[in-house]
Structures are given as structure tokens and as C-alpha cells.
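Each remark here refers to the structure printed beneath this line.
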Amino acid sequence: MARRQRLRDAVVGLDIGSTKVAAVVAEVSQTPEPVIIGLGIAPNSGLRKGVVVDIEGTSRAILQAVEQAERMSGVEITGAVISASGSHIGSLNSRGVVAVSRPDHEITADDVRRVLEAARVINLTPDREVLHIVPREYEVDGYDGVKDPVGMVGGRLEVEAHMVTAASASLQNLMRAVARSGLEVEDLWLSGLAAGEAVLTPAEKELGVVLLDIGGGTTDITLYDKGSPWYCSVLPVGGEHITSDIAVGLRVPLPVAEQVKVEQGCATVPQAADREFELPNPSGRGTRRVTQRDVAAIIEARVQELVLLVSREIKRSGYPGMLPGGVVLTGGTAQLPGLVEWMAQVLDLPVRVGQPSGLAGMNDIVAGPAFATAVGLVRLAARSPVREAAPAQEREPSPGLLERLRNWWQALF
Ligand SMILES: Nc1ncnc2c1ncn2[C@@H]1O[C@H](COP(=O)(O)OP(=O)(O)OP(=O)(O)O)[C@@H](O)[C@H]1O
Ligand SMILES: [Mg+2]
């Protein structure tokens, strides 16, 4: 294939998930919204519960997805903005305070940098690092609710910041898998935050909302309040567990169980129909009849456990609000029939499925909730100040990726 030069203003979101790798290519020069020009999807078995356990297998899946996306877009992909997940992810809200340095007390970008550094001083074991630091709001001389203090006048600058932490080894293994596929990691985002970027409205984030990205191996929980992330956590449970429960419960191989789940699955027994369908006998000889209710009984136990774990996490977060923005579901498992209605009843909150938005072009090909993270990565990449500052070819190779990432959140929230 004769490849075009890498487009000056193309961004690539690479969602490295437990069941699939999705590469989305978008052009950002023409319109205010990024325009999707390519998609590649490859099955991935190199992750377990959101964490790389097979670098070689993950890099093969990345290559396959990237090559597909290159063919569709005609763009040579040399780097991407990637997602990270896994139950090693932790988060906390921290405060920092500094004295404003200029004699005339005008707050500068340097004061903001210093106050964020002050908020970063938290106790972390040597095997962990800060992945993101998000300024939630600033306080100037005790007046809170300040979103951007630069240019204001005051003596004392405080920040309330949300910190996302991660196990360094898990991040490094992820980076190695990407490096092995020959790509540069341009930026790295927590998967749940990227998904939130694709599906949540500013009003929901302001009111208080929980995003649940229920994928194959993980459920990423991201709670937003006053417009910014307030709590991030990842449970090592997802749709693959439902599939393996069905495989055990109905004594069928995993691919058959997956098909049964997608075609006949339903969140709870009362929602299921009496409809029967045929399954091969475990012996391989002949068939037997199974009802949708039998399948729902297996699924119900797992989704009940999941909602219990999610409720516990929300409680554990200490969030004092009522979450009027409700719950938004993304990830492939959000498509399980009956899940939205049942969750709304159990949690007594509004629940909806989040469809990715904010991209033009072939946006129908990434319309499902399973593409929320990939679409969010593209949106974040398009808004990156690094990108806005210089075209791709002129950019320096990233000096210290994580260091750089830590510094540009404030431009986004
Ligand atoms: N119609 C459906 N009903 C129920 N489950 C579905 C449906 N379609 C897909 N799934 C499930 O969605 C899961 C995959 O979701 P997704 O693509 O979001 O995961 P992932 O990003 O690869 O994994 P993770 O985010 O956990 O690392 C699979 O377990 C799949 O069985
Ligand atoms: Mg995912």
C-alpha cells in the first residue's frame, strides 16, 4: 500500500482493552470537532483484568488494530494516545497551599505550578506513582470556587486537586507492549477518564455523576463532581466473568457461552422471556433445550455482585453528595438487555447508556458504548496543548511523558 505521509493534524486514540484493542484515527485540522477517518479493531488476549500479562500478545493485537486503521485512513501511524486501567489504580483528593510570589500579588502560572506541586506531596510507596493530577478548584485568600486563578490578585493560593495513582510496573509493561509494536506513546490516560470525556455532559459532571465502564475484564468507576473527577477506581470484574459463569453453568465452551450471552442474555430473571433455544449437549452428541430464564439466572448473580461492589466503592469514596447526574454506563457490557432498567431500580438513580459523541465523519462506526474510551482518547488528544502548540512533525520526542501529562490537566478542567 502506498502510504500517505502522516497527516499533519491526525490524532490516534489507542484503547488497549482486556478483550480488544481499538485504534481510532481522526483529523483535527478542518473542523472544530475531530473527524474520524479510520478505525481498527483486534481481539486482545494479552491483558488480564485490565493489566498487561503478555507483552508480545498485546503488541501483536496493537499492530493488527493499527494496521487496519492505517489501511482505512491512509495515514501512517507512528504514535498514539493510549489508555490504562487495572485494579492497581487508586485515587485521592489532596490540598496544596502556597504564598503568591510576586510583590504585587498577581498570581502567575508559576504559582499555579507550585501549588499543584504542593498538592502532589502525598505518601506513596516506591512502587507507585502519580498518573494524573487534576486541579478541581482553587482558593484565593480563602475564596473558593476559582477555576483559573492566573491574573487574579491575592496573597495565598490553595488548590483542591484530584490525584490518580498507579502501580509503576503495570504502566511500564503497558508502555513496553506499545513500544514493541513500534509506536510512540504520545500520552496516557486512565481509561475511565477518557470514556467520561466521550459520553458525559458538562451538566452531569457538574451535578455529580458516576461513569461505569463495564468492559470485558474490568469495571472502571469514575465519579465526577463540580465539573471534575472526584474518585477513580477499577474493579477487576467485567463481561468476561459473565461469559465464564455461563460456560460453567451451562457446560459449554467459552465461545458458545459468549454467543449465548450476546444473543440470549438478559440482566435478571424477571426480565427474561420463556423463549427456548437449542444448545449442543456437553457430550457433543445431540442438543438440549435451554430457556432464556436459565441464562438470566446465571447472569443475574454476577450483575448483582457487580452492583454491590460498585455501591461499596461509592460508599468507600466518602462522596457526600446525592449524584443527581445519575449513572452512565459504557463498555461492551452496557449493552446487556435489562441492565439499565434494573440498575436504575436498585440504585434509585437515573441510569443511561453513554454513546460516544463529539466526533464528526464516520462517527457511526464508533457509535457503541464499547468505543467510549477510544473516542475519549481522540477528543483528549485533539485538545492537548502540546498538539496545539506545535504540528506533529515539529514536536520534540516526549521528554518525560508522565511528567508532561501531570502538567497539562489544568488546561482541560
Ligand atoms: N450485546 C452484548 N450484551 C452483553 N455483553 C456484551 C454485548 N456486546 C459485547 N458485550 C461484552 O462486552 C465486553 C467487552 O467490552 P469492551 O469492548 O468494552 O471491553 P474491553 O475494553 O476490551 O475490556 P476492559 O475495558 O475491561 O479492559 C465483552 O465481555 C463482551 O462479551
Ligand atoms: Mg475498555
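Computed values, structure above
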| item | result |
| --- | --- |
| Relative contact order computed over the chain (Cα-Cα under 8 Å; 6+ residues apart), in percent | 19 percent |
| Cut-off 13 Å between beta-carbons: net charge of the residues surrounding W342, Lys and Arg +1, Asp and Glu -1 | -2 |
| Fraction in percent of alpha-carbon pairs per bin - 5 Å, segment 22-125 | 2, 10, 13, 12, 10, 10, 11, 13, 10, 5, 3, 1 |
| Among the listed pairs K49/K226; K205/K261; K147/K205; K20/K261; K147/K226, those beyond 21 Å (Cα-Cα) | K49/K226; K205/K261 |
| Of all accessible heavy-atom area on the chain, the percent that carbon and sulfur account for (1.4 Å) | 52 percent |
| Where a label projected 7 Å from the Cα of V269 along Cα→Cβ would reach, residues of segment 284-316 with amide N under 16 Å | 291-305 |
| Convex hull projection area averaged over all views, the chain, Cα basis, nm² | 22.0 nm² |
| Listed peptides 214-224, 52-62 by packing density, highest first (mean Cβ within 10 Å) | 214-224, 52-62 |
| Between 0 and 90°, nearest 10: helix 254-264 axis offset from the chain longest Cα axis | 90 degrees |
| Value of relative contact order over segment 90-164, rounded to a whole percent, pairs C-alpha under 8 Å and six or more apart | 47 percent |
| Segments 201-210, 162-171, 135-144 sorted - mean Cβ within 10 Å per residue, highest first | 162-171, 201-210, 135-144 |
| Ranking by accessible area, most exposed first, for K315, K20, K147 with a 1.4 Å probe | K315, K147, K20 |
| Leading residue at positive end of dipole, the chain (Cβ point charges), from P282, L211, A22 | P282 |
| Mean Cβ neighbour count within 10 Å, used as a protection proxy, ranking 254-267, 73-86 highest first | 73-86, 254-267 |
| C-alpha long axis of helix 372-383 to longest principal axis of the chain, angle in ° | 20 degrees |
| Gain in span if fully extended, S311 to E129, counting 0.36 nm per residue against the direct Cα distance | 62.8 nm |
| Length added when fully stretched, K226-D144, from 0.36 nm per residue minus Cα-Cα | 28.3 nm |
| Cα-derived Rg over Rh, computed across segment 90-164 with Rh taken as Kirkwood radius | 1.01 |
| Part-to-part distance (alpha-carbon centres) for segment 174-234 and segment 53-113, which is given in Å | 11 Å |
| Cα gyration tensor, segment 220-282 - rounded (a/c under 1.5), prolate or oblate | prolate |
| Per residue, in Å², the accessible surface of segment 90-164 once ligands and nucleic acids are set aside, probe 1.4 Å | 48 Å² |
| Gained length - D348 relative to I122, 0.36 nm times residue gap less alpha-carbon distance | 77.8 nm |
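The values are calculated or read from the model by the stated rules, or taken from the named source; none is laboratory data. No experiment lies behind these values; they were computed from the predicted model shown. Glycine also receives a Cβ, built like all others from the backbone with ideal geometry; neighbour counts cover every protein chain displayed. Accessible surface areas use protein heavy atoms only, side chains included; no ligands, DNA or RNA. Shrake-Rupley method; radii C 1.70, N 1.55, O 1.52, S 1.80 Å.
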